[in-house]
Every structure is written in structure tokens, then in C-alpha cells.
1. Whole angstrom only: what separates the Cα centroid of the range 95-166 from the Cα centroid of the range 251-284?
2. Considering the values (1) 18.1; (2) 16.8; (3) 22.8, which represents mean projected area of the Cα convex hull in nm² as calculated for the structure under consideration?
3. At a Cα cut-off below 29 Å, give the lysines reachable from residue 127, other chains included and same-chain residues fewer than 8 away excluded.
4. Given the options 159, 227, 241, which has the most mean-square fluctuation in a GNM of the chain, springs set between C-alpha atoms less than 10 angstrom apart?
5. On C-alpha positions alone, give me the angle between the axis of helix 318-335 and the longest principal axis of the chain, in degrees, nearest 10.
6. Rounding to the nearest 10 and keeping the result within 0 to 90°, find how far the Cα-based axis of helix 72-81 lies from the longest principal axis of the chain.
7. Return the calculated 222 nm mean residue ellipticity for the chain, to the nearest 500 deg cm²/dmol, obtained by summing -39500 (n - 2.57) across DSSP H runs with n ≥ 4 and dividing by the residue count.
8. Can you tell me which lysines have their Cα less than 20 Å from the Cα of residue 162? Leave out same-chain residues fewer than eight positions away.
Amino acid sequence: MRIVFVYWPFEDQGSGLVVRGYSAAAHAAGHQIEVYGIPYERIPLDYTLELSSADAVVFLFEWTTQLYYGDRLDLVRLVGSVPRRRRVVIDGDGNYNDALHVDDDWNHLGPEQAQSWTEMCDALTDKICQPTLHPLRDNVIPFLFYGYDPSWELPFDPAEDKEFGLLYVGHSKFRWHAMSRLLSAVEPVRNRLGRIAIVGHGWDSAPPWAEELDCTDRYRSDPARLAALGVEVLPPVPFPAVVACMNRSLCNAVLTRPMFQRLRIVTPRSFETPAAGTIPLLVLDEGHVKEIYGEAGLELLLPEQDQHEKIVDIVERPAHYAEVLAEIQSHLASHHSHRARLAELLQIIEA
């Protein structure tokens, strides 16, 4: 089967590594996955504009429903080349819902935006998927989409002296609430952690596109608090280098937006971090951790009480957590590989 993904890729954020994982899994299984668009060397994916032999089109909607390449004529070509029953929408940010507000996060500013997004998705297909096992709408297919690739795995040596004690790799969009919780856990034991850094857009100032897109308020942060704790803010890295970047630290935080917490949405980082030869510190809720990472994942959960003690325990007992990490990696490889995800996607397409 030949599947074309319609996706707005970014060099240093988003799902580029996931798309490459799907492409590799498809090739191994005798299928083909490509991204609709012209080749762009700074975003190394398999691109195509050829639709005549496409068996399915998958619209990967994250922050936007707009096309990365082309215009409305390209949309006509996409829907005209593949019948409705073989089109799929992956609603990556949970926007195919009514307008929701959770803490300082939202999916839409009002019902008009929510209705517009819903109408766009419904116009394309009846197969609307979200990367959660708990969609709010009955017509949404629960499909985690993002997956784990054992080929990403880097070794973890408990005796290695890592460059950083703690890292977070990701932009700040709607993530200050979770980051603030993490910093509160770090503060009492700051002197035990060595260097701490955040790698990504929006932590020390709004990203360059925020004003143009009128979304500065989504990148709220507190640079003064970060500086007071000695947290370094580093520039983002290209998506092929994300796993290697996380490998520079003993521990890497896995945190997400309040909206994603509410919907239990997974993201690429949910699966990239455990592969990076680092200890994932899961700043998530217990139920979400258990259903994705298995029972072993609960050992890496940042608890509600005495949070700093979990951080100190990781620093003092890395060999123990190396065993926990190995168990989690085995679980993810068995239950959340791109091969397994691809098989699910094929079933959705054929249904």
C-alpha cells in the first residue's frame, strides 16, 4: 500500500522523527509512506507530489489544518485522487472537540473556531483519529499514532558523568504550568543536580513567529525564575538530533500541556525520551503513565507529595533506574512500536 501523509513539517519541532519511523516500518512491511510536498533538505523526509498511485491519504493535523505545500488546488488534488473512505485525519492536538479550557490552556478561543476545525475534518473523511485512548466524541477513533522505535535507543551507563543533571527538550507552548511544577520539585535539591537546561522555543522570550501569528500568550514563561534557579535556555535542535540531545543528561522531563493531560493525549516526546539513554522523569498523571508505560512507568512518576525526593533518588540510584528504564523500553517496543502503529493505521484505512 502507498500512503501519502499531508503534514506541515518543522525542522526543530513536531512529528518529523515519527513520520520517518512510519516510513521505515512501511518499507520493512512492503508498503510505502511519503509526505506530500517538494523536497526540503533541512527537513529530511520522503516527499512526493505524485498522487495517481496513492492508496490512502492521511492528514496529520497538529497546530494547523493548512497545507505545507500548495493551495486549494492541491487540496482538490488530494481529495480527488483518493476516495473519502480511504482518507484519515489524525487530530494530533485534540482540536476536533468543542472549545475547551483547562487551567491556562485551550484548544480554541471560542465555539466559532471549534466549529470551523470540525467542519474541515468532517469534509475530508469520516475517519477522525486522536492520539488518546479516551476521546470525548463518540465518532473519534482512539489511535495513539505516535510510537516507539527501538532503533532510536542509545545506551544508558549509570556510571557515566553526564553533561547535564536534568534536561527538558521542547517548546514552551502551554507548558509553563507543568514546567512550574517541575521547578518546584527541583528547587529544594537544586545543588544536587549540576547543570539544568531547557532546549526549545519560547522559554526566555516569545518565539519569532508568535507575534505574526498572534499567539504570544500561548508561550507564557518566567525567565526570571528560570535564571534564579540557574536553568540554561538553549536553542532548539533539528528533529533528527532530538534523541542525541536528550542523551546528554542523566534525567529528562516528560511533561505536557494541561489540555493534553485532560485528554490523555500522547506526543512524540512520550516515546522519544525513553529511547535516549536517559532516565525519563514523568510529569504526568498516574493513570496516563500506567496505560502508556506499564507498571514500571510508575517508578518514574513525579509524585504529588515530596517530589524532590524522587529526583534525589534518581541521582543517587541510577543503576536501579537503569533497570526500570530497560523494562519500560521492552514494554514500549512490544506495545507501541511503529510497526504496531502501522498495522493499526492500515486497519483504519481498510475499515
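Any read-out appearing in this document is the output of simple, stated calculations on the displayed coordinates, not a laboratory observation. Remember, predicted model here, so these are calculated numbers, not experimental data.
1. Result: 12 Å between the Cα centres.
2. From the options (1) 18.1; (2) 16.8; (3) 22.8, the structure gives (2).
3. 173, 290
4. 159
5. 10
6. Computed tilt is about 70 degrees.
7. On the way: 12 runs with 119 residues, N = 351.
Computed mean residue ellipticity for the chain: -10000 deg cm²/dmol.
8. List returned: 310.
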